[in-house]
Each structure stands twice: as C-alpha cells, then as structure tokens.
Amino acid sequence: MIITIDGPAGSGKSTVAEALAKKLGFYHFNSGSLYRAITAHFISNNIFDPSTPLFENQILKCNIQIKFLKNIQHVFVNNIDYTKMLRSLQVSELCPIFSVNTHVRNLIDKCQKEFCLKNNVVIDGRDIGSFVLPNAEFKFYLDCEIDERAKRRLNELKANGEIVPFKEIKTKILARDEFDKNKEHAPLVIPKNATIIDSTHLTIEQVVDQMYQIIINKK
C-alpha cells in the first residue's frame, strides 16, 4: 500500500509521515531527503550550479541507495551516507536549484517508484500524490499557516545548532512556496482526490489520528 502526504515547506509532512508509518507498521519514505542528499553530494564536491559541464558529468555517475537502519531512512549517494547533512541551511538553500534539474528528477523518480511499488510506505513530498505516484491508495495534502511553519523551521534549526532570525526564515519559506508553486514541471498542487488537513492548530498526534481513521475506515 502507498500513502502519500504532500504539502508546502514546514507543514509537518515528514514528522506526520514518520508517526503514521510507525502506527501502521509501514516504511516512512522521505522523498525530500533524496533531493537533499544529491544537493549535499554536489556541495561536498564543490559543485553549486547544475548548469555547468562538471555537474552534467557527475550526475550521470550518481547512484542513490535507500537503506533503513534501525527503522530510520538513510540516503547514500555513491556509497556515502549524507543523512546528517540533509537539514543544513546551505542544503536547504541550494536544494530547489538542483531539484528542478531533469537529470536529478529522473534519477530520484526512478528510485522512489522502485522502492514504493515493492513496499508498504508512507511517502511525503511536494509532488508525490500529484505527479510521482498519482495512483496511491490514499493521498493527503497537509497545509499550515506561514507563521507556524516558520516557527517549526526555527526550532528545527536550533536543534541542529543553527541560529537564524525568524524573519529571515519566514521570508525564505515564502520564497520557496512561490518557487514550488510556479515550477514548470511538477509544481506544488493539491493532488486529485487528496484529503486536505490544516495542521496549524493541531498536534502531530491529532493529524496522525485523522489520517489513520480515514485509512482504517476505507480499507
């Protein structure tokens, strides 16, 4: 079974998906981690622009592997585990640039589909239910007000030892929203037949319970 959760940055997709997957006994597949891992890979190799010949040469040699170690998703690119780098500010800033590249998208789409079609998964992202896996059994769109999303991102960065002003975080999230919604390929949209849940004033447990009840009642 495939369950997709789409939504804008900071809406709580990954946190909710992880909790829901645990409750169902499914894998939690974080699609954004693949894009972040590719970005971290290129940053580590001093490549910051996907329009360069060096990038085009390197992307053809990239191999992505997904491994669940103690039920936690790890992303390897060319046998290097980039999991610890995924939430860094630099990766967050450059990820949108790499994520729209056709070679990157094809590589990651193939990886996602191969894994999800063979396993029971809860997978979150920005284009999963709409473009990558439109035939998923259950599709959700998780929304949230901008100030709450910025607050969550602020706390996430603090937990990683990064101190960034709230206003700066909010501005970057709004910019990411505009970027995601206006992409030429696979923009952020509400997937067809998706259940919309606003998480602004809900706890993680409340959101997960809503999704769980929908899934259980329709099985």
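Read the figures in this text as sums done on the coordinates, not as results from a lab. Small disclaimer: the values here were computed from a predicted structure and weren't measured. With ideal geometry, Cβ positions are generated from the backbone for all residues, glycine too; neighbour counts draw on all protein chains shown.
A quick yes/no check of all residues on (1) surrounded by fewer than 18 Cβ atoms within 10 Å (Cβ to Cβ); (2) not in a loop (DSSP other than H, G, I, E, B):
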| site | (1), (2) |
| --- | --- |
| T4 | no, yes |
| G10 | no, no |
| A21 | no, yes |
| S33 | no, yes |
| I38 | no, yes |
| N46 | yes, no |
| L54 | yes, yes |
| K61 | yes, no |
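With respect to F29, determine if the residue is of a type outside the set (D, E, K, R), touching a residue at least 40 places away in the same chain (Cβ under 8 Å), buried (at least 24 other Cβ atoms within 10 Å of the Cβ) and part of a strand (DSSP E or B). Walk me through it before giving the result.
Values: of a type outside the set (D, E, K, R): yes; touching a residue at least 40 places away in the same chain (Cβ under 8 Å): yes; buried (at least 24 other Cβ atoms within 10 Å of the Cβ): yes; part of a strand (DSSP E or B): yes.
Yes: the conditions hold for F29.
Check A136 against each of (1) surrounded by 15 or more Cβ atoms within 10 Å (Cβ to Cβ); (2) part of a loop (DSSP other than H, G, I, E, B); (3) under 16 Å from the mean Cα position of the chain (by Cα) and name the one condition it does not meet.
Of the numbered conditions (1) surrounded by 15 or more Cβ atoms within 10 Å (Cβ to Cβ); (2) part of a loop (DSSP other than H, G, I, E, B); (3) under 16 Å from the mean Cα position of the chain (by Cα), the odd one out for A136 is (3).
When you scan the stretch 190-219, how many residues do you find that are of a type in the set (F, W, Y) and loosely packed, with under 14 Cβ neighbours inside 10 Å?
As a first pass, look at the stretch 190-219 and keep what is of a type in the set (F, W, Y): 212.
From what's left, loosely packed, with under 14 Cβ neighbours inside 10 Å: none.
Counting residues in the stretch 190-219 that are of a type in the set (F, W, Y) and loosely packed, with under 14 Cβ neighbours inside 10 Å gives 0.
Which members of the stretch 161-186 meet the condition of being part of a loop (DSSP other than H, G, I, E, B) and either within 29 Å of I2 (Cβ to Cβ) or under 18 Å from the mean Cα position of the chain (by Cα) (or both)? Let's see the steps before the verdict.
Narrowing the stretch 161-186 to residues part of a loop (DSSP other than H, G, I, E, B): 161-165, 182-186.
Scanning the stretch 161-186 gives N182, K183, E184, H185, A186.
Just to be sure, is I123 touching a residue at least 60 places away in the same chain (Cβ under 8 Å), surrounded by 17 or more Cβ atoms within 10 Å (Cβ to Cβ) and farther than 13 Å from K192 by Cα?
On the way: touching a residue at least 60 places away in the same chain (Cβ under 8 Å): yes; surrounded by 17 or more Cβ atoms within 10 Å (Cβ to Cβ): yes; farther than 13 Å from K192 by Cα: yes.
Here the answer is yes, as I123 does meet what is asked.
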